[in-house]
1. Fewest to most neighbouring Cβ within 10 Å: what's the order for CYS112, CYS129, CYS214?
2. Could you list the square roots of 5 times each eigenvalue of the Cα gyration tensor of the range 26-277, that is, the equivalent ellipsoid semi-axes, sorted largest first and rounded to whole Å?
3. Rank by packing, highest mean first: peptides 200-211, 239-250, with packing defined as the count of other Cβ atoms within 10 Å averaged across residues.
4. Which lysines have a Cα less than 19 Å from the Cα of LYS222, not counting those fewer than 8 places away in the same chain?
5. May I ask you to sort TRP92, TRP73 by Cβ crowding, counting other Cβ atoms within 10 Å and putting the fewest first?
6. Determine the relative contact order of the range 28-129: mean sequence separation of Cα pairs under 8 Å and six or more apart, normalised by residue count, in whole percent.
7. Using a 10 Å cut-off on Cβ atoms, rank the peptides 58-68, 167-177, 134-144 from the highest mean neighbour count down.
8. In sequence order, what are the phi-derived ³J(HN,Hα) couplings for the range 84-96 according to the Karplus relation 6.51 cos²θ - 1.76 cosθ + 1.60 with θ = phi - 60°, rounded to whole Hz, with x for glycine and proline?
Amino acid sequence: MTASPVAAGGASWSMEDIPYHALASDRIRDDQRLFHILASASFIEITSDLYTRNLVEFFHGDEEIVGWLEDSWEREELQHGAALKRYVQIAWPDFDWEAAYRLFVAEYSLCCTVEQLASTRALEMAARCVVETGTATFYRMLSELSREPVLKRLAAEISADEVRHYKHFYRYFQRYRTLEQPSRVAVLRTLLNRAAEVEAEDAFYAFKAVFRICNPEVEFQKSDYAAYRDGAVQLTKSHFPHGMAVKMLLKPLDLNPMVGRAMLPAVTSATRLFLHSWGGRTTSKGRSSPGDA
């Protein structure tokens, strides 16, 4: 099917282009790990209005960035969420998506605040490059691993969008780096700190909401999330596109080739932390760790 030229923001596809009617449910119906990953991802992506609101407030006065965030980035992220939601509802029709999402929003909306962003605009754009690296590489991996053709197509479309988002954030980072002149050490610290946030709140609360709806008679424990995350890590351990992640992470450091090669082992190790930031779920949009839940 030919991709629609009119879609969310600058995306080259729309939900109507995804052949949901061809979804091979029998290939994934019993895959509970994949179910938890996709349901959680749909919650996080479809809540992009919260993330956008914070970024718009943070970049108030920069009309170019605010305009792109509101007119393109938010719309495309919301489309990702809606597309994943439809996939989950078709693949696992017994799951009460709406009820679980209400639980997620009730908790996560209280902690998704502008105060969680970086200390300067340049560093926040560097942090956004890390987030987009995570989403782009995660969906690339999911597309390559998937045995179900509709998910393979959908994940590939989302990954392509996230690569394009990365390019926007990187361009804005370059602009603010020129204005604010953060040290390379400060940029590196921002990149590594964001990559190492192993307990992102949005991912935690998304899984918690899914778990509670699927297990109404069981009290949720943090150990349930830890077990899920460990399982997802095993799934992704040998398939995560580290080369792609390293290249994207190194770019904001603006290193000459010799220095870049010297730092490659350390940065490669840092990218492996992505496997834990979502329990294999590197699409996390949040910044800090959950408290007692």
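Every read-out reported here was derived from the displayed coordinates using simple, explicitly stated rules and does not represent laboratory data. Just so we're clear, the structure is a prediction, and the values are computed from it rather than from any experiment. Counting neighbours? That spans all protein chains shown, and the Cβs are built from the backbone with ideal geometry, glycine included.
1. Ascending number of Cβ neighbours within 10 Å: CYS214, CYS112, CYS129.
2. 30, 21, 17
3. 200-211, 239-250
4. LYS208
5. The most exposed by this proxy come first: TRP92, TRP73.
6. Relative CO of the range 28-129 lands at 36 percent.
7. 134-144, 167-177, 58-68
8. Per residue, the Karplus-derived 3J(HN,Hα) values read 5, 4, 4, 4, 4, 5, 7, 6, 10, x, 7, 7, 7 Hz.
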